[in-house]
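To start, the structure under review is shown below, and the notes come after it.
The values are calculated or read from the model by the stated rules, or taken from the named source; none is laboratory data. What you see is a predicted model, and the numbers here were worked out from it, not measured in a lab. Don't worry about glycine lacking a Cβ; one is built from the backbone with ideal geometry, like all the others, and counts go over all protein chains shown. The area values use the complete protein model at the heavy-atom level, side chains included, leaving out ligands, DNA and RNA. Shrake-Rupley method; radii C 1.70, N 1.55, O 1.52, S 1.80 Å.
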Amino acid sequence: MKRANRLWWFGGIAIAVIALLTLIAAPNTSYITNGSTYNRAPDGYGAWYAYMQKQGVKIERWQKPVEEIKTKNPITLLRVNNQLTPPELGFDEEKWLKQGNTLVILGVRGAATAAEFSTLQNSPVGDVKIETSRRYQGKEPNLELGDLFGGIIWSEKIGNGFAIFSTTPYLAANAYQDYPNNFKYLAQLVSKNPQIFVDEYSHGYRDKSITESQGDRNWLEYLAKTPLKPLLLQAGVLLLVLIWAQNRRFGAPANLETPAIDNNTAYIQALAGVLEKAQCSEFIVNIVGKEEQLQLQQSLGLGKTPLEHQTLVDNWVQQTKLSPTQLQQLLSHPSPHRLSDKQLLVWLDKWQKIRDRAPS
C-alpha cells in the first residue's frame, strides 16, 4: 500500500515538472515581428515604411521566398532580421543576387568590441545614431559605415548584384523617429534600384498562394517541423523520475577528488583582499602600471628594459597613428595616489583599451 502511494506521489511530481518544462521550453514566437513594417512598436519599421511612401518611392511588402521575385529590372529587397544571424547567404539568394539584384540585411552577427554602445556615425546624409558595440572584423569589405573598431554597415559584390549587411537591426526602427538622418540613410542604402521590396515573409506573413500550398503537408512533414527540445526534456525528466522511483542508479557512487590547491592563486587572492581592505590602490597603480608599460613596450618591439615615457609615447604614435593623449595621461598618473574602486576600474579599463589597440 505504501509503495503504491509512493508511486502516485512520484507520478504527480513528474507530471508537474513536465508541465513546467513545457511552458519554459516552448518556442518563443513573440520576437518574430521585430523589424516588420506592420509592427508599430519601437522595434518595428512601420514609421520608416510610411516615410518611404510619402517620398513617392516605389516600395511594397513581399510575402514570398526571395527566389519567387520575378521582375524584368533589378530590384532591392530589404530584410530586417528579428534575431541576429551570421552574415552569410543561401544558395538561392546568391543566385538571385548574381542577376543584378540587391539584398540589404539589417541585423547580422558581429564581434563584440570595446566601442561605445551608443554613437553618432558620420554618413553622407549627416550623423546617424547607432546603438550597438558589435562590429564586423572579417576580410576587408566595401565599408558603408564604420569606425576604428570595425564595420557597422558594409557591402559585398555578388556577381552583378550587391549584398549589404548591418550589425544593427534597428537602423531606422520606430524608436529612431527623432533621428531623421537614420531614415534618410536607410532610404539611400535601398535606393540602388528603382523598385524596392520589404521582406515580410521572414516575419511570418504569407501570401495567400503560399498558405494554400503549405496547407497540404502530410503528417510526416508536421512531425519533421515539430520542436524536439521540449519532447526530449520531457522524456529525460520522466526517465529520471522512474529510475528514482525504483531506487536504481546508473552506476556505483564515485568518490569526489579533493581539488589541488594552487599556492600562487591563493597568495594573490589573499594579497588582493588585504590591499582592498587597506585601500592601498596606490600600490596597485604602481605595480600594474609598470607591468602594463612593459607589456606595451614588448608589443611595440621595444624590449623589456623600461624606457622614458616620452620615448614610449613617440613609438606608440608612430606605430598606431593614434592620439598620444590617453597614453600620456596613464604614464603620468601621480603615484602614490589613492583611487576609489570606481576610479581604479576606469584606470584599468583605459589600459585595456591601449592594449587592444597596440600592434599584435
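Summary table below
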| quantity | calculated |
| --- | --- |
| The stretch 115-143: number of residues that are modelled with pLDDT under 95, of a type in the set (D, E, K, R) and over 19 Å from the mean Cα position of the chain (by Cα) | 1 |
| Among residues of the stretch 113-130, those that are more than 17 Å from A187 (Cβ to Cβ), open to solvent by less than 80 Å² (accessible area, probe 1.4 Å) and touching a strand residue (DSSP E or B) at 6+ places or on another chain (Cβ under 7 Å), counted | 4 |
| Some residue of the stretch 186-195 being farther than 22 Å from I75 by Cβ, touching a helix residue (DSSP H, G or I) at 6+ places or on another chain (Cβ under 8 Å) and buried (at least 19 other Cβ atoms within 10 Å of the Cβ) | no |
| In the stretch 282-300, the residues that are within 14 Å of I354 (Cβ to Cβ), assigned to a helix (DSSP H, G or I) and touching a residue at least 12 places away in the same chain (Cβ under 8 Å) | V288, G289, E292, Q293, L294, Q295, L296, Q297, S299 |
| Verdict on L344 being more than 30 Å from A111 (Cα to Cα) and at pLDDT below 75 | no |
| K157 out of contact with any His (no Cβ under 9 Å at 6 or more places or on another chain), part of a strand (DSSP E or B) and either open to solvent by 50 Å² or more (accessible area, probe 1.4 Å) or of a type in the set (S, T, N, Q) (or both) | yes |
| Output for the stretch 28-63, where each listed residue is assigned to a helix (DSSP H, G or I) and either small (G, A, S) or touching a Gly at 6+ places or on another chain (Cβ under 6 Å) (or both) | S30, I32, G46, A47, A50 |
| Complete set of residues in the stretch 80-112 that are assigned to a loop (DSSP other than H, G, I, E, B) and open to solvent by 70 Å² or more (accessible area, probe 1.4 Å) | E88, K98, Q99, R109 |
